[in-house]
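Here is the structure we will look at, set down as structure tokens.
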Amino acid sequence: MIRTEGLTKRFDDLVAVDNLDLHVEKGEIYGFLGPNGAGKTTTIMMLLGLIKPTAGRIWLFGKDLSEDYFNIKRRIGVLSEFHYLYEDMTAEEYLRFFGELYGVEDIDNRIKEVLGLVNLYHRRKELLGGYSKGMKQKFSLARTLLHKPEILILDEPVSSLDPHGIKEVRDILLEENRKGTTMLISSHILSEIERTCHRVAIIHKGKLVAQDTMDGLRRKLTEETEMYVTVEGLTDAIVDALRELPFIRSLSVDGQTVTLRMDADKDYRGDLSRKIVDLGGVVLDMRRHEMSLEEAFVTITEKNINLLAKEGSAA
């Protein structure tokens, strides 16, 4: 649904986006991450046709953006980080105006639907200038969904929202995705990216340095993992046997629970269970510490970036 090849944007001597290859599948929720100045916004502006690439190509819906921009644009919904609303209009007037631009059928019912999604239908007669930041954020999402776009490009979709509002928006996006909508989401609220996205891309200094599922990122960025195993009938013999396994780096014991630091190259839970059972123990609980997206993001130091970039060019 979204594909770029060699996408590059230079501003004089600054390379904002450098030979970027993205591939977002139909029906996928794709997280687009990077530190400030990484090139995320420039990339999004090129995807929307707002600035022209210096080099490279963009395909949306399998069509070259440069060749069919007008028709492609009508099938996309965009929520930007900053909201440029006509604040002297009511919410209803504003949506009706945009609905006419996009040729939305049965506009009255559609306005009722989208404002109902964000719990603002009862405020439809109020001027947008009187809305709070959180209300404007949710209203902007309603406007984005008005024409039933097939692709959503969302930049900081939950900024300015309280926890309840964040959950509301998350549920709306997940429901839209269940209907088949493809999404590209850029956000600094990494917990939301982790909860909603199927795959994640991380860019740094304009380069794509990681593009994978969370499990894939963990494997690339973590040489070892931590496992907590609670064993009924834990004995010194079991502890000694676990310590001797070739993939165990270290272990500690607290009551019936053994904390194991181990290689992260594969899933060793079956090996652990068999060893414990063979020596007469009963596994009551086995939990692995999963690296969060925030931890993964922080872990990508310059060394990691260079390593991932090298792996990507060799693939």
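Using the Kirkwood formula over every pair of different C-alpha atoms, what hydrodynamic radius in Å results for region 1-117?
Taking every pair of different Cα atoms in region 1-117, averaging 1/r and inverting gives 16.4 Å.
Taking 8 Å as the Cα distance limit and 6 or more residues as the minimum spacing, I'd like the relative contact order of the chain as a percentage.
Averaging sequence separation for qualifying contacts and normalising by length gives 19 percent for the chain.
Normalised by the number of residues in region 86-236, what is the relative contact order in percent for Cα pairs under 8 Å and 6+ residues apart?
Once divided by the residue count of region 86-236, the mean separation gives 17 percent.
When all C-alpha to C-alpha distances in region 40-182 are sorted into bins of 10 Å, what percent of pairs does each bin hold, rounded to whole numbers?
Distribution as computed: 11, 39, 36, 13, 1 percent.
Calculate how many DSSP beta bridges within the chain are antiparallel, expressed in % of all such bridges and rounded to the nearest 5.
70 percent
To one decimal place, what orientation-averaged projected area in nm² is obtained for the convex hull of the Cα set of region 223-288?
Its Cα hull, projected and averaged over all orientations, spans 3.7 nm².
Could you list TYR228, TYR268 so that the one with the fewest beta carbons within 10 Å of its beta carbon is first and the one with the most is last?
In order of increasing Cβ crowding within 10 Å: TYR228, TYR268.
Taking neighbour counts of Cβ atoms within 10 Å as a proxy for exposure, in what order, fewest first, do ARG269, ARG124, ARG143 appear?
Ranked by crowding around the Cβ, least crowded first: ARG269, ARG124, ARG143.
With +1 assigned to the C-beta of every Lys and Arg and -1 to the C-beta of every Asp and Glu, and no other charges, what is the dipole magnitude of the chain about the Cα centre in debye, to the nearest 20?
Taking the Cα centre of the chain as origin, the dipole is about 720 debye.
Report the rotationally averaged projected area of the chain based on its alpha-carbon convex hull, in square nanometres.
Averaging across all directions leaves 20.3 nm² for the Cα convex hull.
As a footprinting exposure proxy, order MET135, MET46 by other Cβ within 10 Å, with the fewest listed first.
Listed from fewest to most nearby Cβ atoms, that is MET135, MET46.
For a protection proxy built on the mean count of beta-carbon atoms within 10 angstrom, sort 108-119, 68-79 highest first, please.
108-119, 68-79
Over region 222-295, what is the relative contact order in whole percent, taking alpha-carbon pairs under 8 Å and six or more residues apart?
47 percent
Determine the calculated [θ] at 222 nm for the chain from helices alone, applying -39500 (n - 2.57) to every DSSP H run no shorter than 4 residues and normalising by the residue count; nearest 500 deg cm²/dmol.
Counting only the DSSP helices, I get -11000 deg cm²/dmol.
None of the figures in this text is laboratory data; all of them are computed from the coordinates on show. Computed from a predicted model, the values in this text were never measured in an experiment. Neighbour counts are summed over all protein chains in view; Cβ atoms, including those assigned to glycine, are modelled from backbone coordinates with ideal geometry.
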